[in-house]
Amino acid sequence: MYLGVDYYPEHWPSDMMDEDMDRIKAMGANTVRIGEFAWHLMEPVEGQYDFSYFDRVIEKLKERELKVIFGTPTATFPAWLSKKYPEIVAKNIDGKVYAFGGRRIYCYNSEVYRDKVEAIVTALSEHYKDEKSIVSWQIDNELGHEGSDQCYCETCHKGFQNFLKEKYETVDVMNRTYGTIFWGQSYNDFDEVPLPTETITTHNPSLLVDWAHFRSKSINDFAKLQIDILRRQIRPEQKIIHNLFGGFFNRAYDQNVLADRLDVVAYDNYPVWGGLEKPLSPEHIAMTLDYIRGLKNKNFWVVEELMGAQGHTVIGYLPRPGQASLWAHQAMARGCESLLFFRYRGMTHGAEQFCQGILDSDNQDNDKLDEVKSFFAQIKSNEGVYKSEIKGEIAVLYDYINRWAWAAQPQSEAFDIEKEILRFYRPFYSYQQMVDVRKLECDLEAYKVVCLPAMMVLSDERVNQLENYIQNGGIVIFGYRSGLKDLSNNIRFGCNPVQKLCGIKVKNYESLGNDVTVQVVTQVGDGHSFNVWREMIEPVEAESLCHYTDAFYKQYSGATRRTIGKGAVYYIGGGADDAFMKTVASDVLSECGIQHTQLPEGIECVVREGVRILLNHNAFKVSFDEIELKPFEVKWI
Ligand code: GAL
């Protein structure tokens, strides 16, 4: 188990290094991450590599038996590189070249950049190939984050056209798939296909999804280049990782592809950042952690766990005393098995002056340091628990193609895919169930219940597999719009296979904008509301769970259930409120024989190896079942 800090010794005078490392050791750390962003230090002049600075750092770390996670420095390149090769820099959607100064401004498809990356990563890993204190290599930093998933340069334009040529082989097939007959947009050649930059109205929805595929491939190919070099050079016991960021559903970047190539998935856990006035809700943080675990369906690492307020130009919420370590404990409870805090000390210069570290610019011991020390001590005393495997009985599935299709056409002003996933996740979380957040293609048989929120794009093949799964006793809960489109992001002509499976006919639908809700009543008379979206369902061979109350649509159902073989399928035809979703979740859990209880709001409970890990996310004391939890307290029972 690696516990430690992100340490950037190069930010500080060299004579501070010994004292820093002594303090890192004294806080209970056994590992530091170094190297990220230090390309200029390693190659100050083109082709002249110099790793002597990090040789010294590593020697000193070894003297203290501190292990190393080494980051390849490719997220920021030296100024000489873009001066000499300006074509490496990415262009934004307006066709403007990014200025040197930020980070991750390179184009993933630039041949020159890829060559330079290959050279530095090869030289670096060659230099350290016998260094046993390096336990892991992290490639780059948060690929695709901060808008770096997009680039609209000429190289990417050509690359996109070639990608389409490879995918469709002939332009006629592409024309037919896209339906370019509409608005007379048929192409004679792939070289006529535009970049999806600004146009009036919107681009073709199939083209937009293909663009996202292409962007995703660009990032994943770039990552693979580094992974392949490291695989050749390093020892097998050294883990290749990458630090994934939150907000992944909002990027043209399928992280599953990368996860398959990594040894361990690592995550940067920032429950609050920038100008946010309050942190993400506990269940939202939990869902992202469960997504990270789901990428490899294995335990993961957190290589950046916030310890203090963060922000570049605007700063937001300050984690309350004990709250940042509570989030670290939550990550551990949900499958993290090594954790590093970002960062040892906040920097007085540069763009991240307001990203707090454990220590601040006064360099004094403080409450954050105490929090980190007790966190490390508590984790070490429960180490065995955190090595154990986690397997949920409930799965909430997502799909990147589906996500990209929704991004092209959100259909409701209020639509947000992450909120839709959370809509299905939250009720099971509130019943203290461990939920696996997995990609659509995962093994269904591993679960008793499978939820598919807003799964608009779905193949016939997957619908058939879901049907078999239900026949054999599985329970599936579909969200609205499910099965509407094929994998090319076109509406199916004729029958929607999901509606057929659910025994329903969606007669019409309505997009509910921001702050619009409609009322539904259940069979037992409870009143609930739908937001974002609603569908007018005719339950042909299904039981209705609720119906609308407004004059024109009260004959229609809003949600249904159908028994099929040994299992059942639910269809929730709108953005149902939390109470409605909880009722569905409770019924489903009872049907599966899964015991479920609710704890007081803000209390999270995860059971690992018979140990109940209780986390109080509230800023106040909570008592229940003869247990008392102070604000932000964690207890093992
Ligand atoms: C992370 C990033 C770090 C640093 C940190 C500041 O997203 O990986 O390099 O920028 O945010 O909070």
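Before moving on, here are some points about what is shown:
- The loop-placed chymotrypsin sites (Phe, Trp or Tyr not before Pro) in the range 474-517, going by DSSP, that have at most 10 neighbouring Cβ atoms within 10 Å of their Cβ come out as F493.
- Compared with the dominant Cα axis of the chain, that is its longest principal axis, helix 460-471 is turned about 70°.
- Where Rh is the Kirkwood radius over Cα pairs, Rg/Rh for the range 245-385: 0.97
- Spherically averaged projected area in nm², based on the convex hull that wraps the Cα atoms of the range 147-221: 5.1 nm²
- Where N is the number of residues in the range 382-454, Cα Rg divided by 2.2 N^0.38 Å: 1.29
- Solvent-free Debye scattering, log10 I(q)/I(0), computed from the Cα coordinates of the range 208-258 at q = 0.21, 0.25, 0.31 Å⁻¹: -0.80, -0.98, -1.21
- Sum of -39500 (n - 2.57) over DSSP H runs of 4+, divided by residues of the chain (222 nm, nearest 500): -10000 deg cm²/dmol
- Relative contact order %, the range 394-592, counting alpha carbon pairs below 8 Å whose residues are six or more apart: 22 percent
- Rel. contact order, % - alpha carbon contacts under 8 angstrom, at least six apart, the chain: 10 percent
- Cβ crowding within 10 Å, taken as a proxy for footprinting-reagent exposure, orders E198, E142, E604, E111 from fewest neighbours to most as E198, E111, E142, E604.
- Taking other C-beta atoms within 10 Å as the exposure proxy, H213, H596 rank H596, H213 from fewest upward.
- Shown here for the range 249-337: GluC sites (Glu not before Pro) in loop regions (DSSP other than H, G, I, E, B) with at most 16 other Cβ atoms within 10 Å, namely E277.
- Estimated FRET transfer efficiency (F182, A446; beta-carbon r; R0 56 Å; 0.05): 0.85
- Compared with the dominant Cα axis of the chain, that is its longest principal axis, helix 417-430 is turned about 90°.
- Straightening the chain between N250 and R103 buys 51.0 nm, computed as 0.36 nm per residue apart minus the Cα-Cα spacing.
- Over the range 157-282, relative contact order from alpha-carbon pairs under 8 Å, at least 6 apart, %: 19 percent
- Projected label points at N382 and M347, each 7 Å from Cα along the beta carbon direction, are separated by 3.4 nanometres.
- Gyration tensor verdict on the range 127-283 (Cα atoms; rounded if a/c is under 1.5, prolate if a/b is larger than b/c, oblate otherwise): oblate
- Loop-located GluC sites (Glu not before Pro) in the range 348-431, at most 11 other Cβ atoms within 10 Å (DSSP): E389
- Cα centroid separation, the range 117-171 to the range 520-561: 49 Å.
- Taking the longest Cα principal axis of the chain as reference, the axis of helix 323-333 is set at about 70 degrees.
- Above 21 Å, the calculated P(r) of the range 394-592 contains 47 percent of its Cα-Cα pairs.
- Measuring how big the chain is from its alpha-carbon positions, Rg and Dmax come out at 25.8, 77 Å.
- Among C495, C592, C336, C451, the ranking by other beta carbons within 10 Å of each residue's beta carbon, starting with the fewest, stands as C495, C592, C336, C451.
- Label-zone membership for the range 172-196, site K165, 7 angstrom Cα→C-beta point, backbone N under 17 Å: 172-175, 187-195
- If you wrap the range 37-135 in the convex hull of its Cα atoms and look at it from every side, the mean projected area works out to 6.9 nm².
- Placing R0 at 60 angstrom, the Cβ-Cβ distance between S623 and D228 gives a FRET efficiency of 0.65 after rounding to 0.05.
- Pairs beyond 32 Å (Cα-Cα), from K500/K554; K439/K582; K91/K224; K158/K507; K167/K566: K158/K507; K167/K566
- Contour excess over end-to-end distance, with Cα ends at D362 and E510 and 0.36 nm allotted per residue: 47.6 nm
- Of all lysines in the structure, the ones whose alpha carbon falls short of 20 Å from that of K165, not counting any fewer than 8 places away in one chain, are K217.
- Rounded if a/c under 1.5, otherwise prolate or oblate - the range 444-534, Cα gyration tensor axes: oblate
Every number here is computed from the coordinates shown, using simple stated rules; none is lab data. None of the values given here were measured: they were computed from a predicted structure. So basically every Cβ, Gly included, is an ideal-geometry build from the backbone, and we count neighbours across all protein chains shown.
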